[in-house]
Amino acid sequence: MSIRRTLSITRRIFRGLRHDWRALFMMFLTPIIGVTVFGVAFSGDVSHVQVVVVNQDEGYQIPPATVAVSLADAIIANCDADVLRFAYVATEEEGLDRVKSGKAYGLIIFPSNFTSEVYAKGLDPTLPINPKIRVALDKSNVTVANTITKAVSEAMLKASESMGIESPLVIDADNAVYAEGASFRDFFLPGNIGFIMFMLTFILTLLAFVSERTSGSLQRLHVTPLTDSELVMGYALAFSIIAVIQTAIVLVTITVIFNTMMAGNVWLAFVVIAVLSIMSLSLGILCSSLARAEAQAIQFLPLVAMPCFLLSGIFWPIEAIPVYLRPLSYAVPPTYAVNATRSVMLRGWGLEHVWVELVAMVAFTVAFLVLSVWSLHRDRG
Amino acid sequence: MLDAAPADIILGGDNREVPDSIRNGYAVETRNLTKRFGHFTALDNLDLKIEAHAVHGLLGPNGAGKTTAIKLLCGLLKPTAGEAYILGKKVPDRSLLPQIGYMPQETALYLDLTVHHNLSLYGELYGLTRKRIAEREKDLLRFIALEKWRDSLVANLSGGMKHRVSLACSMIHEPKLLFLDEPTVGVDPELRASFWEYFNGLQKAGVTIVLTTHYMDEAQHCDKIGLIRRGRLIADGTPGDIVKRTNTTNLEDAFLALAGHQAEA
């Protein structure tokens, strides 16, 4: 293999780009737009949910206090005001109407003897009473409904604690092993970078290489001393350089604009994403070398993108995929990148943990490139 | 039908036992070269012998198999049957690549590069030094009369200009053997005349040129021509010889006479 000929191909790609400002602009702006759009849209956690409250709780004078206090009031006060927005009505019917007409997602009802029953039950758990907060939810949006339930439960625990009411059972989930204080966006963006970089570099190479064939220049190159592996490596090198720059842009965007959690080494995160990008462009070259025309190449897009989108755990954890499909997750390359970026950025893991994913991605890269060379070679004749 | 054809100057001695065709002065030699695409036979048992240092034209109507023949000789297609020898070596052979130049029928240039960068890319691929590339570029740009367009993007050139750049790209490394697929299509008559002058100059310098054309009048400039019709070689020899053999006055009539002959057979 001649380095000089390989570099000639790499140089020719950059020379071509120099005359194509639009492509260049898109190449470096698209990653920023991609991450920003996702980052803003998935600002993460559900907030400002309209909830109606019917508070009939009369309160109770808990000894040694001399004034009656209401646990219901305490729970409402302990709810995160950013998450739930309360409106108060007098009757249950009125509240239900609000939910039914779509003005609120849920109705919370505190019965009149709520505080006293909770207190009594706390003192003597054998009492045949069962204090309840009744919640009527519009479950048409599961995520919002779950958010209401979770917010109320958390507020209840905090409220009883502050009032000195013994709760029989408490789950203390405040001690995070990893990613303490991570928001949904912190979880989402590392995977999202993987997806954006995968799609970007894949499409870019897919189209760049196929034009070599349609223009007829591939045949001309076949008559020069350039070998198939030099051609593939020349392309891989050029687009790797572009991909590394894109990776840097994306990482800067998410850390500067979105202040995403970076528990681990930022350089390791950079390496993981760069390796993913190089793997994606290798897949792009492979699909492109299999295609005869642009239209054919485009058909690879859904074929490759859909499984990656669904199986790699970018949006939904792999744990949300049916068990029998899970092994397939490990056949789609971005899975490794999504795992590795999350491990580095959220868990703060180092190379001693993520080397497995890195090796897997390098193996995919090598396989894709070898297959590309083979596919080009097969074409001759 | 081939056997019945009049005396054949090129197909002299029978050298079938000796693959070393260059010893016999042939730059190109094919034996029963056949290419089928599915049921379609693009090239049918082509036996071609092309002398070194000659301008050899492959003539025939569109779809006759000329381009297929050139692609087989360049190693871009694998023959279904038969073999081809170039400069004494059996095709495909990587060691042949630096010695041959190929100009495809389609433009096959990088539209997003300048004329200069297209030429230097091919120069680099053939391992030419930077200095040598500059010298060759200067000569070739003068030849194709595009000196002023050196730094223009190929995308901005006219069809004929692109064609000339493509021709220059195939010659940057001074190949011993040039395969030119329709080099004069879309080139104006004045420039076409200078092309032929240049080709004859290259020939004197020891270059062998194999070109295809469907302009019968152009074939007069060739030392030897091979008439191809429906994938078969129906005649070859010097243009004058073929005209004489068929008792016609020009190549066009000669071709028609031979075509009629083939149709009867």
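Rg over Rh of the stretch B:74-141, using C-alpha atoms and the Kirkwood radius, what does it come to? Working shown, then result.
Details: Rg = 14.9 Å, Rh = 14.2 Å.
Radius of gyration relative to Kirkwood radius: 1.05.
The stretch B:45-90 and the stretch A:45-117 have Cα centres separated by 90 Å.
Spatially, the stretch A:304-381 and the stretch A:119-163 are offset by 42 Å when compared through their Cα centroids. Mean partner shielding of peptide A:292-302, defined as the number of other chain Cβ atoms within 10 Å of each residue Cβ, is 0. Using 0.36 nm per residue and subtracting the Cα-Cα separation, the extra length available between A:ASP138 and A:TRP267 on full extension is 41.9 nm. Compared with the direct C-alpha span, the chain from A:ALA305 to A:HIS48 gains 89.1 nm at full extension, assuming 0.36 nm per residue. Do the alpha carbons of any pairs in B:LYS148/B:LYS176; B:LYS90/B:LYS224; B:LYS49/B:LYS224; A:LYS100/A:LYS139; A:LYS103/A:LYS132 sit beyond 18 Å of each other, and which pairs? The answer is B:LYS148/B:LYS176; B:LYS90/B:LYS224; A:LYS103/A:LYS132. Count Lys and Arg as plus one, Asp and Glu as minus one, and take only other residues whose Cβ is under 9 Å from that of B:THR213; the net charge is then -1. Here the residues A:HIS377, B:HIS173, ranked from fewest to most Cβ neighbours within 10 Å of their Cβ, fall in the order A:HIS377, B:HIS173. Maximal additional length on extending the A:VAL40-A:LEU157 stretch stands at 38.9 nm, based on 0.36 nm per residue less the C-alpha distance. Across the alpha-carbon atoms of the protein assembly as shown, the computed radius of gyration and Dmax are 38.0, 133 angstrom. What is the list of residues in the stretch A:276-301 whose amide nitrogen lies under 17 Å from a point 7 angstrom out from the Cα of A:VAL362, following Cα to Cβ? Once the point is set 7 Å along Cα→Cβ of A:VAL362, A:276-280, A:282 turn out to lie under 17 Å by backbone N, inside the stretch A:276-301.
With the Cα gyration tensor of the stretch A:69-199 giving a ≥ b ≥ c as the square roots of its eigenvalues, does the rule (a/c under 1.5 for rounded; else a/b larger than b/c for prolate; else oblate) give rounded, prolate or oblate?
Values: a/c = 2.81, a/b = 1.45, b/c = 1.95.
Because a/c hits 1.5 or more and a/b fails to exceed b/c, the stretch A:69-199 counts as oblate.
Look at B:ASP223, B:ASP236 and count the other Cβ atoms within 10 Å of each Cβ; fewest to most, that gives B:ASP223, B:ASP236.
Across the stretch B:71-224, the mean sequence separation of Cα contacts (distance under 8 Å, 6 or more residues apart), normalised by length, yields a relative contact order of 25 percent. Shown for B:SER166, B:SER158, A:SER343, A:SER70: other C-beta atoms within 10 Å of each C-beta, ranked fewest to most, produce the order B:SER158, A:SER70, A:SER343, B:SER166. Based on DSSP H segments of at least four residues, each scored -39500 (n - 2.57), the protein assembly as shown has a per-residue ellipticity at 222 nm of -16500 deg cm²/dmol. Shown is the FRET efficiency for A:ILE245 and B:SER95, computed with R0 = 41 Å from the Cβ-Cβ distance and rounded to the nearest 0.05: 0.55. Using C-alpha pairs under 8 Å with a sequence gap of at least 6, the mean separation divided by the residue count of chain B gives a relative contact order of 25 percent. With a 10 Å cut-off around each Cβ of B:63-74, the average count of Cβ atoms from other chains is 1.
How large is Rg over Rh for chain A, taking Rg from the Cα atoms and Rh as the Kirkwood inverse mean of 1/r across Cα pairs? All intermediate terms of the calculation are to be shown ahead of the outcome.
On the way: Rg = 28.6 Å, Rh = 24.6 Å.
The Rg/Rh ratio comes out at 1.16.
Coordinate-derived values only; no laboratory data. Values in this document were obtained by computation on a predicted structure and should not be read as measured data. Reconstructed Cβ throughout: ideal geometry from the backbone, glycine too, with neighbour counts over all protein chains shown.
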